[in-house]
1. Quote the relative contact order of the range B:17-70 in percent (integer), defining contacts as alpha-carbon pairs under 8 Å separated by 6+ residues.
2. Starting from a label point 7 Å past Cα on the Cβ side, list the distances from B:Thr73 to the same position in the other copies, nm, shortest first.
3. In chain A, what residue has the beta-carbon at the shortest distance from the axis of the rotation relating A to B, and what is that distance in angstrom, rounded to the whole number?
4. Report, in listed order, any pair from A:Lys167/B:Lys59; A:Lys108/B:Lys65; A:Lys137/B:Lys137 with a Cα-Cα distance greater than 31 Å.
5. Which residue fluctuates the most in chain B, going by a Gaussian network model with Cα springs under 10 Å, if the choices are B:Met176, B:Met45, B:Met25?
6. On average over all directions, what projected area in square nanometres does the protein assembly as shown have, based on the convex hull of its Cα atoms?
7. Choose one answer from B:Gly183, B:Gly154, B:Gly111: the residue with the largest mean-square fluctuation in a GNM of chain B with alpha-carbon springs under 10 Å.
8. Plugging the Kirkwood radius over Cα pairs into Stokes-Einstein for chain B, at a temperature of 10 °C and a viscosity of 1.306 mPa s, what D comes out in µm²/s?
Protein chains: 2
Amino acid sequence: MDDLEKPRGGRPRAFDLDRALDAAMHLFWEHGYEATSLAMLREAMGLTPPQIYNAFTDKETLFRKALTRYHQTEIGFALEALSAPVPTGEAIRRLLLGAAEAYSRPGKPGGCLFVSGALAASPQAQAIADELKAYRKASEAGIAERLAQGRAIGDLPEGLAVEGFAKFLAGVMNGMSIQARDGASVEELRTLAQTALAAFAIEGQKQAHHPRNEADAGSLPRG
Amino acid sequence: MDDLEKPRGGRPRAFDLDRALDAAMHLFWEHGYEATSLAMLREAMGLTPPQIYNAFTDKETLFRKALTRYHQTEIGFALEALSAPVPTGEAIRRLLLGAAEAYSRPGKPGGCLFVSGALAASPQAQAIADELKAYRKASEAGIAERLAQGRAIGDLPEGLAVEGFAKFLAGVMNGMSIQARDGASVEELRTLAQTALAAFAIEGQKQAHHPRNEADAGSLPRG
DNA sequence: CAGGTTTCGTATCGATCACTATGGATGATT
DNA sequence: AATCATCCATAGTGATCGATACGAAACCTG
């Protein structure tokens, strides 16, 4: 995973690290950090407590490694969308529609681990809640950075308040995460995303970037 | 509060029920249902365990009563906005701007208890998570109902998909709740709300209802 | 004042929490 | 084969969880 330790001898590990970490990640994703007990982890990972602690130090470290793995395996769409060589409007569109898909994958917990993991926490788990908040802030900062780039090359209106619009987009994604947890389908999330994308169309995307999406991205949802 | 029990004798209660319930509500609001321990409640409410259990049955009942009290004392803005005799656009505007204020009140936990209370939960607390989900669904249904009324009187475009737009608005409010928990100020939340309100302006609120707000409600945020 | 009823304070219940001590098993190294 | 390092399984650690047993105290009714 992360620490490429060289086992210069000793009994080999009898289970797959990443597979165990995946099981833990899904459990944290579904129930959150504190509500996921070691007994649940033990059963889902198919391991004994000493196996878990020997491999992942403690519950908090296990959770942090699960966060890293989630970031690597589940939400690559975000970085891809924001770094793709496409107009800003298209990048944002990919971001929101990618979230619609990622937050409602069949067989996976609904929503985003960074939101569900510890929105509220006990005082003992405040550090975990802060870390998740940092992930959310980083997402928002990534959006803001992309918007600033777009504005710099004339892709967006000069008067656009980058920070405020980034906060709106991050907020919409957070809202989609909760709607997904409440059972929203990928179609419903896509509709929500496209309604939000309509805010892009107001000030006029004078240069039409992707004609095939204009009709969708620029209108209210219709029955 | 709710059960108007007649104490036909017996030692009188030595504390104020609503004051104790308020303390519990704020604690649940801040830390969520499961992460709030009896020890924390005991200290915040200034009571002993038997006092709490005698007055509120158990932790789950206490939480449900806190939900009712929260609904009554903290988010009256929502019902007021949706039932006010004003155009639909103005009602939605009051709803979102009211949320911006309610989710960032000084001295209160950020965001909405219905979101923070138990977004993720252990299997034992699934009933609580479901109840909070029902509150969120009811909010969305209330918005949809108001939109349907508006469309029926020609206040909204006939082609508008009420359910989809209600889901967008509910999602934005949920997103605002998370942004508030992450420390967003009331101004930032207002900007977020007004950006979302811009989606209303696209299809054209042909009948200008409140001229003094049009400039704000219909534009992207500006620096 | 006596009987009934409810709440009070004190002390604590069993269950579950995250976590670990201990010693045998299994591999690489020499 | 001898040594060493690591992981395995069994069993159990103290702490905290939500919730109570108990008897004294405080009120109303008769």
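1. After rounding, I find 49 percent.
2. 4.5
3. Rotation axis A onto B, closest Cβ, rounded to whole Å: A:Gly175, 2.
4. A:Lys167/B:Lys59; A:Lys108/B:Lys65
5. Evaluated over chain B, the most mobile residue of the options is B:Met45.
6. 25.2
7. B:Gly154
8. 83
The values are calculated or read from the model by the stated rules, or taken from the named source; none is laboratory data. Since the structure is predicted, the reported quantities are computational estimates derived from the model, not experimental observations. Methodologically, a virtual Cβ is constructed for each residue, glycine included, from the backbone with ideal geometry; neighbour enumeration extends over all protein chains shown. With ligands, DNA and RNA removed, areas are computed over all heavy atoms of the protein, side chains included. Shrake-Rupley method; radii C 1.70, N 1.55, O 1.52, S 1.80 Å.
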